[in-house]
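To keep things clear, I will list the structure first and then write my remarks on it.
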Amino acid sequence: MLFRQLFDAQTSTYTYLIADLETQEAVLVDPVLEKVERDLQLMEELGLKLRYCMETHIHADHITGTGKLREKTGCLGVVPDNANIACADQFVKDGDLIEIGNIIIETITTLGHTDSHAAFLVNKTHLLTGDALFIRGCGRTDFQGGDSGLMYESVTEKLFTLPDETLVYPCHDYRGNTVSTIGEEKQFNPRFVGRDKANFIEFMANLNLPNPEKIMEAVPANQQCGKQLTVDS
């Protein structure tokens with residue numbers, strides 16, 4: 001399995017390239033519009049054919065590259081069940097599998113950051129957590145149908161029950177971290193360690209975070225697979 005972690009410095013967003021080296025089929029998870037040409041160049045250099053672009057959720061801080069990548073490659077756009085994205089090719093619910101060659105990507109519904117969110121478990125070893133679980137943190141829950149109680153349940157009952165050695169790859173990191181493990185996060189993540197559900201809900205209610213800079217353009221654009229707005233390549 002080829003696994004690459006790609007970074008957009010402007011929004012601190014990680015995009016993940018996953019490919020089966022025998023079939024040369026590839027998947028991109030959470031692509032960023034401004035980085036489409038980078039992603040296409042890398043796949044061309046590696047001789048890969050893009051089969052799917054997968055979104056963990058409707059992002060509020062960047063515009064997805066899925067629409068543009070679909071136009072250029074013919075890939076399918078995959079989003080979590082109940083996402084308000086009419087242009088998606090496929091919706092995945094808890095337990096659904098996406099397969100490319102010998103790679104199996106399992107959908108784990110992880111509500112809380114938004115009302116439609118999924119983590120993707122790749123070959124039982126690499127967990128792409130979206131904004132549900134960060135390295136020593138978690139996503140916010142104060143807009144887009146967010147729910148702190150559901151976030152706590154999603155992380156503690158679904159993600160923290162995976163094997164400790166499972167690698168954790170978030171959609172964002174703002175401190176330079178690149179990878180963690182489930183075991184580490186269970187032991188050291190300050191959002192969850194020593195907190196029950198009620199305490200977590202109270203803590204999240206008092207974060208008082210400003211809205212993401214791009215929220216007014218990103219959310220409606222992402223509901224159209226990134227097609228509402230365009231940027232220069």
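The values are calculated or read from the model by the stated rules, or taken from the named source; none is laboratory data. It should be emphasised that the depicted structure is a prediction, and the values quoted were computed from it without experimental measurement. Positions of Cβ are generated from backbone atoms using ideal geometry, with glycine treated the same way; all protein chains shown enter the neighbour counts.
Where strands (runs of 3 or more DSSP E) fall wholly inside the stretch 1-103, the ranges with 3 or more residues that are in contact (Cβ under 8 Å) with a residue 12 or more places away in the chain and surrounded by 21 or more Cβ atoms within 10 Å (Cβ to Cβ) are 13-20, 25-29, 49-54, 76-80.
Scanning the stretch 1-34 for residues that are over 16 Å from MET54 (Cα atoms) and among the small types (Gly, Ala, Ser) yields ALA9, SER12.
Selection of the stretch 159-179 for residues being of a type outside the set (S, T, N, Q), surrounded by fewer than 18 Cβ atoms within 10 Å (Cβ to Cβ) and farther than 18 Å from SER12 by Cβ yields PHE160, PRO163, ASP164, GLU165, LEU167.
Looking at the stretch 65-105, which of its residues are closer than 15 Å to GLU25 by Cα and of a type in the set (Phe, Trp, Tyr)? Those that are closer than 15 Å to GLU25 by Cα and of a type in the set (Phe, Trp, Tyr): none in the stretch 65-105. For the condition crowded, with 22+ Cβ neighbours inside 10 Å and touching a residue at least 24 places away in the same chain (Cβ under 8 Å), LEU128 qualifies.
Scanning the stretch 143-184 for residues that are within 26 Å of ASN211 (Cβ to Cβ) and acidic (Asp, Glu) returns ASP147, GLU153, ASP173. Under 9 Å between Cβ atoms, at least 6 apart or on separate chains: pull out the pairs that start in the stretch 153-172 with a residue that is in contact (Cβ under 8 Å) with a residue 40 or more places away in the chain and closer than 12 Å to LEU133 by Cβ and end on any residue that is buried (at least 23 other Cβ atoms within 10 Å of the Cβ) and acidic (Asp, Glu). Matching pairs, first to second residue: VAL155/GLU185; LEU159/GLU185; VAL168/GLU185; PRO170/ASP131; CYS171/ASP30; CYS171/ASP131; HIS172/ASP131.
Every residue in the stretch 59-104 that is closer than 25 Å to TYR152 by Cβ, modelled with pLDDT of 95 or more and under 13 Å from the mean Cα position of the chain (by Cα), please. Selection gives VAL79, PRO80. The number of residues in the stretch 104-125 being surrounded by fewer than 24 Cβ atoms within 10 Å (Cβ to Cβ) and outside any loop (DSSP other than H, G, I, E, B) comes to 8.
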